[in-house]
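Quick notes on the structure that follows.
The values are calculated or read from the model by the stated rules, or taken from the named source; none is laboratory data. This structure is a prediction, so every number in the text was calculated from the model and none was measured. For neighbour counting, all protein chains shown are included, and Cβ atoms are generated from backbone atoms with ideal geometry for every residue, glycine included. Ligands, DNA and RNA are stripped out before the accessible areas are found, and what is left, the full protein with its side chains, is counted by its heavy atoms. Shrake-Rupley method; radii C 1.70, N 1.55, O 1.52, S 1.80 Å.
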Amino acid sequence: MPEPLIRGALPSDGEALSRLDHDTWSSLHAVTPRLEPPFEAFFDARHRPQDYLIAEIDGRIAGYLRLVPPTPLASNAHVRQIQGLAVHEWARGRGAARRLLRAAMERARGEGAVRMTLRVLGHNKPARALYESEGFVVEGVLPGEFHLDRRYVDDVLMGRSLDD
């Protein structure tokens, strides 16, 4: 079984990434309603190809991770935030998400970041376990921050140092 290859996104990846987003939509991690066609462009002024890492397996896009500064403030420039991670069902269990996380940390370090953060829904136990296995710790919880599937769901803030 080949290892996932990690690369930067290209403008031409937009359609495949839009399909991936649609195919992987789940109330386990999505805070917006499921979109229906026609879909808006995946890339726009706030979601640029250079913000994304892509996992490929056998030449097929298996997943992506969006990595950005959390704010435009100079006082916050030492932090990078994961604002999206998705892996196709067919690629799960093959290391794509873990390789994306590790590549994101490497990229962030290369950009001078010393800290990485993310937000994950409290009931998304598989994602939380993955993040914890990669050194992320819970730094805060916003109880009942989202109302999904007729119940209130916590928003969990996680972070880690990039110094190690």
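For the range 85-164 and the range 30-44, write down the distance between their C-alpha centroids in whole Å.
The range 85-164 and the range 30-44 have Cα centres separated by 21 Å.
How far apart, in nm, are two points set 7 Å out from the Cα along the Cα-to-Cβ line at E106 and at A74?
3.2
If we count every other residue with Cβ under 13 angstrom of P143's Cβ, Lys/Arg +1 and Asp/Glu -1, where does the sum land?
Numbers: positive: R151; negative: E145, D154, D155.
Once positives and negatives cancel, what remains is -2.
How would you classify the chain from its alpha-carbon gyration tensor, with a ≥ b ≥ c the square roots of the eigenvalues: rounded for a/c under 1.5, else prolate if a/b is greater than b/c, otherwise oblate? Spell out each step's value before the answer.
On the way: a/c = 1.32, a/b = 1.05, b/c = 1.25.
Rounded, since a/c falls under 1.5.
If each DSSP helix of 4+ residues adds -39,500 (n - 2.57) and the sum is divided by the residues in the chain, what number results at 222 nm, nearest 500 deg cm²/dmol?
Roughly -6500 deg cm²/dmol at 222 nm, from the helical runs in the chain.
Using packing as a proxy for protection, rank 136-143, 54-61, 100-107 so that the peptide with the highest average count of other Cβ atoms within 10 Å comes first.
100-107, 54-61, 136-143
Suppose the chain between V31 and R115 were pulled fully straight at 0.36 nm per residue; how much longer would it get relative to their current alpha carbon spacing?
Answer, rounded to one decimal: 27.8 nm.
Arrange the peptides 70-81, 16-27 so that the one whose residues have, on average, the most other Cβ atoms within 10 Å appears first.
16-27, 70-81
For S133 and S12 in one chain, what is 0.36 nm times their gap in residues minus the Cα-Cα distance, to one decimal in nm? Don't skip to the answer; put the middle values down first.
Details: separation 121, 0.36 × 121 = 43.56 nm, distance 3.27 nm.
Result: 40.3 nm gained on full extension.
Ignoring ligands, DNA and RNA, please state the percent of accessible area on the range 1-83 from carbon and sulfur, probe 1.4 Å.
57
Please state the charge dipole magnitude for the range 1-80, taken about the Cα centre, from unit charges on C-beta atoms (+1 on K and R, -1 on D and E), reported in debye and rounded to the nearest 20.
On the way: 8 positive and 11 negative charges, 62 e Å.
Computed about the Cα centre, the dipole is about 300 debye.
Show the residues, 5+ positions off or on another chain, whose built amide H is closer than 5 Å to the amide H of D154.
Hits under the 5 Å cutoff: G122, H123, G144, E145.
Pairs of Cα atoms under 8 Å, at least six residues apart: use those to get the relative contact order of the chain, whole percent. Can you show the working numbers first?
Working: 279 pairs, mean separation 33.7, N = 164.
For the chain, the relative contact order is 21 percent.
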